[in-house]
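Chemist: Structure provided below as structure tokens; questions to follow.
The values are calculated or read from the model by the stated rules, or taken from the named source; none is laboratory data. It should be emphasised that the depicted structure is a prediction, and the values quoted were computed from it without experimental measurement. Cβ coordinates were reconstructed from backbone atoms using ideal geometry, including for glycine residues, and neighbour counts include every protein chain displayed. Just so you know, the surface numbers come from the protein's heavy atoms only, side chains and all, with ligands and any DNA or RNA stripped out. Shrake-Rupley method; radii C 1.70, N 1.55, O 1.52, S 1.80 Å.
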Amino acid sequence: MAFQKTILITGGAGFIGSHLVRLLVKKYPKYHIVNLDKLTYAGNLENLKDIEDSLNYTFVKGDVTDEKHVDQLFTAFRFDGVVHLAAESHVDRSIANPMSFIETNIVGTVVLLNAARHHWKETAGKRFYHISTDEVYGSLGETGYFTEETPYDPRSPYSASKASSDHLVRAYYHTYGLPAVVSNCSNNYGPYQFPEKLLPLVINNIRHNKPLPVYGDGLYTRDWLWVEDHAAAIDLIYHQGQAGRTYNIGGNNEWKNIDLVQQLCDIMDQLLGRPAGTSRNLITFVKDRPGHDRRYAIDASRIKRELGWEPAIQADEGLRRTAQWYLENTEWLERVTSGAYQKYYEEQYGGE
Ligand code: NAD
Ligand code: DAU
């Protein structure tokens with residue numbers, strides 16, 4: 001079949017990547033979507049079961065730091081575009097082991113940038129889209145928002161590695177004219193998120209009547225976005241964003257961690273038919289994350305003004321849908337939390 005475009009998605013077997021791959025494969029039958037993923041603990045082909053046989057979808061197992069393989073893929077598939085999501089994504093793991101974050105998030109990004117630069121002699125119709133995080137902007141006080149002009153101030157090895165990759169992408173735009181675009185998004189939530197992250201961890205622990213670990217005083221604030229709203233924003237920016245430009249993406253949905261956890265407890269009690277307050281009793285304040293950023297909040301007015309994007313799913317509906325999905329997909333949960341993850345969990349939370 002002759003495709004209109006061939007797009008490389010890296011990290012497409014992960015949480016956000018799988019939602020993006022599904023969206024693009026279904027929405028654009030004339031695009032060939034090639035998913036390059038190393039399948040680390042966070043990548044799971046089960047996330048894409050429903051579209052794996054689609055004629056316009058190809059999965060390639062591989063590492064973005066493998067220059068030779070990436071080069072071969074550019075030669076074989078003649079990509080028109082790249083949407084780069086592959087990363088080590090968990091802040092706590094970056095504190096325990098920064099090196100894999102440097103390798104995948106920084107070196108892997110440069111490998112892809114070099115391949116695009118060398119293969120795209122003609123840049124018309126080409127696009128290199130780097131998916132990044134609001135954590136590069138550092139930490140806010142009680143008020144204010146991150147805009148696209150907020151100076152970078154990363155404070156964890158994860159956010160420093162993402163900041164570094166953002167700078168490199170912009171450097172390739174300015175130095176080599178690579179048609180690159182970057183977006184920086186707030187905390188995503190929804191189905192298929194690995195249960196080391198706050199929301200699925202809490203849901204899973206409630207299922208098992210385990211303590212719900214809340215770091216420090218629990219008054220840290222995050223801006224939560226339904227993952228499919230992020231995928232829709234990526235689709236829009238890929239097609240309509242301006243090269244060399246940055247777009248902030250956020251949910252306009254700030255929660256203090258403790259309030260969010262309590263809300264989720266109440267939803268879980270209802271869904272599980274337990275007496276009100278049962279799950280809240282599991283909340284346990286634990287040792288804080290070192291260098292924990294106090295508050296993130298995104299000003300997403302640029303993407304709204306210039307591209308007409310706004311989140312479609314509000315918190316009440318999104319949280320309920322998320323809880324429901326994990327309760328309906330306990331086999332997925334059990335599989336991804338067995339084996340190596342169990343060891344990580346015990347090291348992190350003392351075997352509770
Ligand atoms: P994730 O950890 O769920 O998935 C990462 C995927 O990348 C996995 O499928 C993994 O197998 C793959 N991967 C890791 N190392 C690789 C390598 N060396 N080569 C090829 N594949 C590799 O992450 P996520 O939460 O879906 O995040 C995706 C991207 O979005 C990341 O770049 C992250 O920084 C960014 N982001 C995430 C959030 C969020 O809230 N989760 C918010 C903003 C930005
Ligand atoms: O802001 C975007 C970022 O959001 C992404 O770039 C990251 O890839 C993603 O992991 C996420 O980072 P956070 O550190 O904000 O997410 P996490 O789910 O790990 O934690 C959310 C908040 O909850 C944070 O303040 C730490 C706190 N927390 C987390 C865990 C895992 C707890 O209190 N207890 C926990 O057990």
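Chemist: Filter the range 109-133 for residues that are in contact (Cβ under 8 Å) with a residue 60 or more places away in the chain and part of a helix (DSSP H, G or I); which is farthest from ligand 2 (Cβ to nearest atom)?
Modeler: Once the filter is applied, the top-ranked residue is R117.
Chemist: Answer with yes or no whether L113 is within 13 Å of A180 (Cα to Cα) and either among the hydroxyl-bearing types (S, T, Y) or open to solvent by less than 40 Å² (accessible area, probe 1.4 Å) (or both).
Modeler: yes
Chemist: Of everything in the range 32-50, what is open to solvent by less than 40 Å² (accessible area, probe 1.4 Å), of a type outside the set (G, A, S) and either within 20 Å of the chain's Cα centre (by Cα) or near ligand 1 (Cβ under 8 Å from one of its atoms) (or both)? Give them in sequence order.
Modeler: Result: I33, V34, N35, L36, D37, N44, N47, L48.
Chemist: Read through the list (1) within 30 Å of R155 (Cβ to Cβ); (2) aromatic (F, W, Y); (3) crowded, with 16+ Cβ neighbours inside 10 Å, then give the number of the only condition that W332 fails.
Modeler: Among (1) within 30 Å of R155 (Cβ to Cβ); (2) aromatic (F, W, Y); (3) crowded, with 16+ Cβ neighbours inside 10 Å, the lone unmet condition for W332 is (1).
Chemist: Would you check which residues across the range 159-205 are touching a residue at least 40 places away in the same chain (Cβ under 8 Å), over 15 Å from the mean Cα position of the chain (by Cα) and within 30 Å of Q324 (Cβ to Cβ) and list them?
Modeler: Correct list: V202, I203, N204, N205.
Chemist: Step by step: first the residues of the range 59-82, then only those that are within 22 Å of F101 (Cβ to Cβ) and within 11 Å of ligand 1 (Cβ to nearest atom), then the one that is farthest from the chain's Cα centre (by Cα). Which residue is that?
Modeler: Applying the first criterion (within 22 Å of F101 (Cβ to Cβ)) to the range 59-82 yields 61-67, 69-70, 82.
Of the ones still in play, those that are also within 11 Å of ligand 1 (Cβ to nearest atom) are 61-66, 69-70.
Details: K61: 19, G62: 19, D63: 18, V64: 16, T65: 19, D66: 22, H69: 24, V70: 22 Å.
Among those that are within 22 Å of F101 (Cβ to Cβ) and within 11 Å of ligand 1 (Cβ to nearest atom), it is H69.
Chemist: Of the residues in the range 151-186, how many are of a type outside the set (G, A, S), part of a loop (DSSP other than H, G, I, E, B) and away from ligand 1 (no atom under 14 Å from the Cβ)?
Modeler: 6
Chemist: Pull out all pairs, ordered by first then second residue, where Cβ-Cβ is under 6 Å, the residues are six or more apart or on different chains, the first lies in the range 206-224 and is closer than 16 Å to N281 by Cα and in contact (Cβ under 8 Å) with a residue 40 or more places away in the chain, and the second is more than 7 Å from ligand 2 (Cβ to nearest atom) and open to solvent by 60 Å² or more (accessible area, probe 1.4 Å).
Modeler: K210/E352; P211/E352; V214/F285
Chemist: Confirm whether L45 is among the hydrophobic types (A, V, I, L, M, F, W, C) and free of Cβ contacts under 8 Å to residues at least 40 places away in the same chain.
Modeler: Spelling it out, L45 is indeed among the hydrophobic types (A, V, I, L, M, F, W, C) and free of Cβ contacts under 8 Å to residues at least 40 places away in the same chain.
Chemist: Restricting to the range 200-242, give me the number of residues that are part of a helix (DSSP H, G or I), open to solvent by 10 Å² or more (accessible area, probe 1.4 Å) and within 13 Å of ligand 2 (Cβ to nearest atom).
Modeler: 1
Chemist: Another question about this same structure. What is the residue count in the range 65-107 for residues that are open to solvent by 30 Å² or more (accessible area, probe 1.4 Å), outside any loop (DSSP other than H, G, I, E, B) and within 12 Å of ligand 2 (Cβ to nearest atom)?
Modeler: Summing the residues that are open to solvent by 30 Å² or more (accessible area, probe 1.4 Å), outside any loop (DSSP other than H, G, I, E, B) and within 12 Å of ligand 2 (Cβ to nearest atom) in the range 65-107 gives 2.
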